[in-house]
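Enquirer: Just passing along the structure, written as structure tokens.
A short reminder: the numbers here are calculations on the coordinates, not readings from a lab. Remember, it's a predicted structure, so these values are computed and weren't measured experimentally. Reconstructed Cβ throughout: ideal geometry from the backbone, glycine too, with neighbour counts over all protein chains shown.
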Amino acid sequence: MLPTTVPNRLPTEPPLNRYQEDVNSFHIAQKQFDRALAHLPTLQHGLIDFLRSPIRSIALNFPVEMDDGRVQTFAGYRVLHSRIRGPGKGGVRYHPDVTEDEVRALAGWMTWKTALIDVPFGGAKGGVVCDPKTLSQGELRRITRRFIADLGDNIGPHTDIPAPDLYTNQQTMAWIYDTYDGLHPGENNLPVVTGKPMDLGGSYGRGEATARGVLFAAQRLLQRKAVPGLNSVDGARVIVQGFGNAGSIAAKLFHEQGAIIIGASDSQGAILCRDGLDVAAVASCKAEHGAVAHYPQANVITNEELLEAECDILIPAAMENQIHAGNASRIACKLVCEAANGPTTPAADDILRERRIVVLPDILANAGGVCVSYFEWVQNIENEQWDLEEVNGKLLKKMCRAVDAVVDRWQQLGGERKTDLRTAALALAIERVAHVALARGIWP
Ligand code: NAD
């Protein structure tokens, strides 16, 4: 089933933030790519063009009946950046600010992430422009079903496999599975989507995987002595921006490893407590009242203030472009651990490097999510179920191997004097993907 209508794609000026930075995520992804290319002098020009942009971008307009009987039309996107190393893989986000360019950027980052963590996938991403906070469960279900039905065979267990992202969850994945399964009866369709509920082919450990991967990556990076003045998560003071799937679980897991979580935020506001937050109590408060700022035993501050508060590890786990030219000079941590995708702009990367603040980049730090998605996919294909210890043990190995490979490359490139971990990680990932492209050969 092909897309029936395509939304208007009018050329627009790139969005600038108030520091005159171009914060178009796709432009940022390309800038990062170009920085890495400086370290890959032998890569052929034609191949560079091929890897720099997505191979396919689908834009849909689709109608949904709302609870009050009105029909509302939604825009949705599914972008496949690369399938050189395997089928496309990437989450679906529901957010009012979703744009095709944002999804294109996120799809590319998935290609580099799957290459770094070394799972046999390419990169893809999807998004629907909607505000989940104003939608009922019935409306979200109908949006999901229509989006997936209209995507038709552009997704599939061996072509392009969705997963959760911002404001989508296990329930969304169950609807995606059910819709696809209804259209393809009589087949094992479980591997068409990951992040499913446990009793519908989900994997032990997938819900926590992104955050657990962030923890493993940070621990390995510190073991490798890559962060000046910080040797362990144990005793480190940590601030988490965004208290959703990635952020709230990261807070819990870092706390379990001896870190002191001194600050947290969500879209409604931020809290800070120098003596340490009771992470479980903050989570209950968020579950009950919908915002961390209702937690009584902490100071309520603004989201901007939280990012600039002094700590050892800052974990952005919300949205893109949070650390930018305007605040990078005031970020007061030793390590930025990017649980979110794209939270740091290129200008901020430069400022942080000058200030010797290390950034553990998104394509490495949050790769635990897609890693356990891969484990889920394998279990679905084999009709197997692995226990939690097996999943976490395999994840630990994959994360450590990926961090080691990136740190080794970074050191080969001259370490902090010459470049940052993001550029080293990207150079390694691009090289891996290019190598497979050339091994397969260009057809015909
Ligand atoms: P989520 O919807 O579960 O949580 C997002 C959280 O961020 C919410 O608590 C929301 O209130 C908060 N938030 C939104 N805007 C904010 C702002 N301006 N300031 C502070 N908080 C804000 O989403 P998630 O799945 O946890 O994803 C968060 C980030 O992690 C995204 O960048 C996503 O792409 C990335 N990520 C997620 C996964 C995954 O498996 N879920 C995997 C890799 C990367």
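Enquirer: Loop-only GluC sites (Glu not before Pro) in segment 366-428, please: DSSP not H, G, I, E or B, and at most 14 other Cβ atoms within 10 Å. Kindly include the intermediate steps, with their values, before the conclusion.
Expert: On the way: sites: 376, 382, 384, 389, 390, 416; in loops: 384.
Filter output for segment 366-428: 384.
Enquirer: Report the FRET efficiency, 1/(1 + (r/R0)^6), for residue 133 and residue 280, where r is their Cβ-Cβ distance and R0 is 30 Å, rounded to 0.05. Intermediate results must be reported in sequence, preceding the final value.
Expert: Numbers: r = 24 Å, r/R0 = 0.81.
So, using R0 = 30 Å, E works out to roughly 0.80.
Enquirer: Of the cross-linked pairs 252/397; 196/225; 334/397; 196/252, which ones have a Cα-Cα span greater than 27 Å in the structure shown? Mind dumping the intermediate values first?
Expert: On the way: 252/397 21 Å; 196/225 37 Å; 334/397 25 Å; 196/252 22 Å.
From 252/397; 196/225; 334/397; 196/252, over 27 Å: 196/225.
Enquirer: Provide the per-residue ³J(HN,Hα) series for segment 313-322, in order, calculated from phi with Karplus coefficients 6.51, -1.76, 1.60 and θ = phi - 60°, each as a whole number of Hz, with x at glycine and proline positions.
Expert: Values, residue by residue: 10, 9, 10, x, 9, 10, 10, 6, 6, 7 Hz.
Enquirer: What does the charge count near residue 43 come to, summing +1 for each Lys or Arg and -1 for each Asp or Glu among other residues with Cβ under 14 Å from its Cβ? Let's see the in-between values first.
Expert: Numbers: positive: 35, 52, 432; negative: 34, 49, 431.
Its environment carries a net charge of 0.
Enquirer: Shifting gears a bit: Project the alpha carbons of segment 312-388 onto their principal axes and report the range along each, largest first, in whole Å.
Expert: Extents along the principal axes, in whole Å: 51, 21, 17.
Enquirer: Lys and Arg at +1, Asp and Glu at -1: add these up for the other residues within a Cβ distance under 12 Å of residue 160 and post the number. Let's see the in-between values first.
Expert: Numbers: positive: 56, 78, 83, 89, 125; negative: 153.
Its environment carries a net charge of +4.
Enquirer: Is segment 258-339 best put as rounded, prolate or oblate by its Cα gyration tensor, with a ≥ b ≥ c the root eigenvalues, rounded for a/c under 1.5, and otherwise prolate when a/b is larger than b/c, oblate when not? Let's see the in-between values first.
Expert: Numbers: a/c = 1.87, a/b = 1.50, b/c = 1.25.
Since a/c reaches 1.5 and a/b is larger than b/c, the shape of segment 258-339 is classed as prolate.
Enquirer: For the peptides 327-340, 307-320, what is the packing order when you average, over each peptide's residues, the other Cβ atoms within 10 Å and list the highest mean first? Kindly include the intermediate steps, with their values, before the conclusion.
Expert: On the way: 327-340: 21.6, 307-320: 23.6.
Going from most to least packed, we get 307-320, 327-340.
Enquirer: Jot down the radius of gyration and Dmax of the chain, Cα atoms only, both in angstrom.
Expert: Cα only, the chain: 20.8, 65 Å (Rg, Dmax).
Enquirer: Give me the net charge of residue 69's neighbourhood, meaning all other residues with Cβ under 14 Å from the Cβ of residue 69; Lys, Arg count +1, Asp, Glu -1.
Expert: Working: positive: 70, 142; negative: 65, 67, 68, 139.
Net of charged neighbours comes to -2.
Enquirer: Quote the FRET efficiency, to the nearest 0.05, computed for residue 287 versus residue 443 with a Förster distance R0 of 60 Å and r equal to the Cβ-Cβ distance.
Expert: On the way: r = 52 Å, r/R0 = 0.86.
Rounded to the nearest 0.05, the efficiency is 0.70.
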